[in-house]
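Novice: Here it is, the structure, as structure tokens.
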Amino acid sequence: MVLADRAYSSRAIRGHLRRRQIRAVIPQPSDQVGHRLRRGRQGGRPPGFDAETYKQRNTVERCINRLKQWRGLAARTDKLAIAYQAALHLAAILIWARR
């Protein structure tokens, strides 16, 4: 399942996910809704949207923003993937320990 914001609501992205049988929870921007409604029956039905699942996106965003407070993680200055992963684990442990 993909949780994305309104910027990723294009027909191409939704089609790409549909071909790979990945469920998309992406809200439709108001301009796309207007265009679809203006076309009438040819506009098709609106894509499915689960508001309860979309609320989980906020939790993920807040976690990523907390991790990005670490300058090394945000800038990705480490040359080796294992060093970056170790910094990520250390940051996650310290964030968890503070709670």
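The values are calculated or read from the model by the stated rules, or taken from the named source; none is laboratory data. Here the structure is a predicted model, which is why all the values come from computation and not from measurement. Note that each Cβ is placed from the backbone with ideal geometry, even for glycine, and that neighbours are counted across all protein chains shown. Ligands, DNA and RNA are stripped out before the accessible areas are found, and what is left, the full protein with its side chains, is counted by its heavy atoms. Shrake-Rupley method; radii C 1.70, N 1.55, O 1.52, S 1.80 Å.
Novice: Could you check how many residues of the range 33-50 are surrounded by 11 or more Cβ atoms within 10 Å (Cβ to Cβ) and under 19 Å from the mean Cα position of the chain (by Cα)?
Specialist: Going through the range 33-50 one residue at a time, the tally reaches 3.
Novice: Can you pull out the residues in the range 37-55 that are at pLDDT below 85 and part of a helix (DSSP H, G or I)?
Specialist: G43 - this is the single residue of the range 37-55 that is at pLDDT below 85 and part of a helix (DSSP H, G or I).
Novice: What is the one condition in (1) out of contact with any helix residue (DSSP H, G or I) (no Cβ under 6 Å at 6 or more places or on another chain); (2) over 30 Å from R14 (Cβ atoms); (3) aliphatic (A, V, I, L, M); (4) surrounded by 10 or more Cβ atoms within 10 Å (Cβ to Cβ) that V60 does not satisfy?
Specialist: For V60, the failing item is (2).
Novice: What number of residues in the range 1-36 are among the small types (G, A, S), within 15 Å of Y54 (Cβ to Cβ) and not in a helix (DSSP H, G or I)? Show your work before the answer.
Specialist: Of the residues in the range 1-36, the ones among the small types (G, A, S) are 4, 7, 9-10, 12, 15, 24, 30, 34.
Still in the list and also within 15 Å of Y54 (Cβ to Cβ): 4, 7, 9, 24.
Among the residues that remain, those that are also not in a helix (DSSP H, G or I) are: 4, 9, 24.
Residues flagged as among the small types (G, A, S), within 15 Å of Y54 (Cβ to Cβ) and not in a helix (DSSP H, G or I) within the range 1-36 amount to 3.
Novice: Shifting gears a bit: Based on this model, can you work out whether A74 counts as open to solvent by less than 70 Å² (accessible area, probe 1.4 Å), in a helix (DSSP H, G or I) and modelled with pLDDT under 85? Give the steps one after another, and end with the answer.
Specialist: Working: open to solvent by less than 70 Å² (accessible area, probe 1.4 Å): yes; in a helix (DSSP H, G or I): yes; modelled with pLDDT under 85: yes.
Yes.
Novice: Name the single residue, out of those in the range 14-47 being touching a strand residue (DSSP E or B) at 6+ places or on another chain (Cβ under 8 Å) and in contact (Cβ under 8 Å) with a residue 12 or more places away in the chain, that is farthest from V2 (Cα to Cα).
Specialist: In the first step, residues of the range 14-47 are kept if they are touching a strand residue (DSSP E or B) at 6+ places or on another chain (Cβ under 8 Å); the result is 14, 17-18, 22-26, 47.
Filter again for in contact (Cβ under 8 Å) with a residue 12 or more places away in the chain, leaving 14, 17, 22-26, 47.
Values: R14: 10, L17: 9, I22: 7, R23: 6, A24: 5, V25: 6, I26: 8, P47: 14 Å.
Per the criteria, the residue is P47.
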